[in-house]
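Undergrad: Handing you this structure, nothing more for now.
A short reminder: the numbers here are calculations on the coordinates, not readings from a lab. Just so we're clear, the structure is a prediction, and the values are computed from it rather than from any experiment. We place every Cβ from the backbone using ideal geometry, glycine too, and count neighbours over all the protein chains shown.
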């Protein structure tokens, strides 16, 4: 699978007119902060909109940190499309390197921050209720931990998919 650094992508964006760069973050994440001249196609919509991305030219895919875009590029490679290029580090690396972005005045919580907040809250609730109410509530914390372990090992996070359809992420 092909990959590119944010610095090299920035150079390409500045030198080429018709470069295709796709942001696969949710619409909410994209509204918060985005890179000029990019297209937002949320990760769940990519399979339905793949015909828009078929090109002989490279299609650069990025997300928040590079995980979702890596998965999409890998999936496309397995399906025979070799023109998808993962942007290493995603928009977080882009921002860290001081490259230009357009920011909304309204703040949106990044998807991974939403997942970590909800998972942490559920674990805390499971521990507290098992201590104060009934020992069986500890299974809530165990279930969340199992879900996080599965997401980490498989790269498939159902909580992220659920959060992506929430109104604040549209």
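Undergrad: Shape verdict for the stretch 78-163, please, from the Cα gyration tensor: rounded (a/c under 1.5), prolate (a/b greater than b/c) or oblate.
TA: Oblate is the answer for the stretch 78-163, as a/c is 1.5 or above yet b/c matches or exceeds a/b.
Undergrad: I've got another one for you. I want to make sure I understand the PRE zone here: with the label point 7 angstrom from the Cα of residue 51 toward its beta carbon, which residues in the stretch 1-41 have backbone N atoms less than 18 Å away?
TA: In the stretch 1-41, the label zone of residue 51 (backbone N under 18 Å from the point 7 Å along Cα→Cβ) covers 41.
Undergrad: Between residue 37 and residue 170, what FRET efficiency comes out of the Förster formula 1/(1 + (r/R0)^6) with R0 = 25 Å and r the beta carbon distance, rounded to 0.05? Mind dumping the intermediate values first?
TA: Details: r = 23 Å, r/R0 = 0.91.
Approximately 0.65, to the nearest 0.05.
Undergrad: Mind sorting 38, 26, 146 by how few other Cβ atoms lie within 10 Å of their own Cβ, fewest first?
TA: Lowest count first: 146, 38, 26.
Undergrad: Full extension from residue 153 to residue 127: what is 0.36 nm times the residue separation minus their Cα-Cα distance, to one decimal in nm?
TA: This chain segment gains 6.9 nm when fully extended.
Undergrad: Neighbouring Cβ atoms within 10 Å as the yardstick, rank 87, 123 fewest first.
TA: 123, 87
Undergrad: Efficiency by 1/(1 + (r/R0)^6): what FRET value for residue 109 and residue 75, r their Cβ-Cβ distance, R0 = 41 Å, to the nearest 0.05? If you can, show how the numbers build up before the last one.
TA: Values: r = 26 Å, r/R0 = 0.64.
Here the calculated transfer efficiency is 0.95.
Undergrad: What's the angle, to the nearest 10 degrees (0 to 90), between helix 138-154's Cα axis and the longest principal axis of the chain?
TA: It works out to around 20 degrees.
Undergrad: For the stretch 1-76, what class follows from the C-alpha gyration tensor (a ≥ b ≥ c being the square roots of its eigenvalues): rounded when a/c is under 1.5, otherwise prolate if a/b is larger than b/c, else oblate?
TA: Taking the square roots of the gyration eigenvalues as a ≥ b ≥ c, the stretch 1-76 is rounded.
Undergrad: Separate question: With a cut-off of 8 Å between alpha carbons and a minimum separation of six or more residues, what is the relative contact order of the chain in percent?
TA: Working: 230 pairs, mean separation 42.1, N = 170.
In percent, rounded to a whole number, it is 25.
Undergrad: With a/c under 1.5 counting as rounded, go ahead and sort the chain into rounded, prolate or oblate using the C-alpha gyration tensor (a ≥ b ≥ c being the square roots of the eigenvalues; past the cut-off, prolate if a/b is larger than b/c, else oblate).
TA: prolate
Undergrad: Taking only DSSP H segments of four or more residues, each worth -39500 (n - 2.57), what value at 222 nm results for the chain once the sum is divided by all its residues, to the nearest 500 deg cm²/dmol?
TA: -15000 deg cm²/dmol
Undergrad: To continue, here is another question. Please report 70, 84 as a ranked list, fewest other C-beta atoms within 10 angstrom at the top and most at the bottom.
TA: On the way: 70 20, 84 25.
Taking fewest neighbouring Cβ atoms as first place, the list is 70, 84.
Undergrad: Quick check: residue separation of residue 15 and residue 136 times 0.36 nm, minus the Cα distance between them. What number comes out in nm?
TA: Extending this stretch completely gives an extra 37.5 nm.
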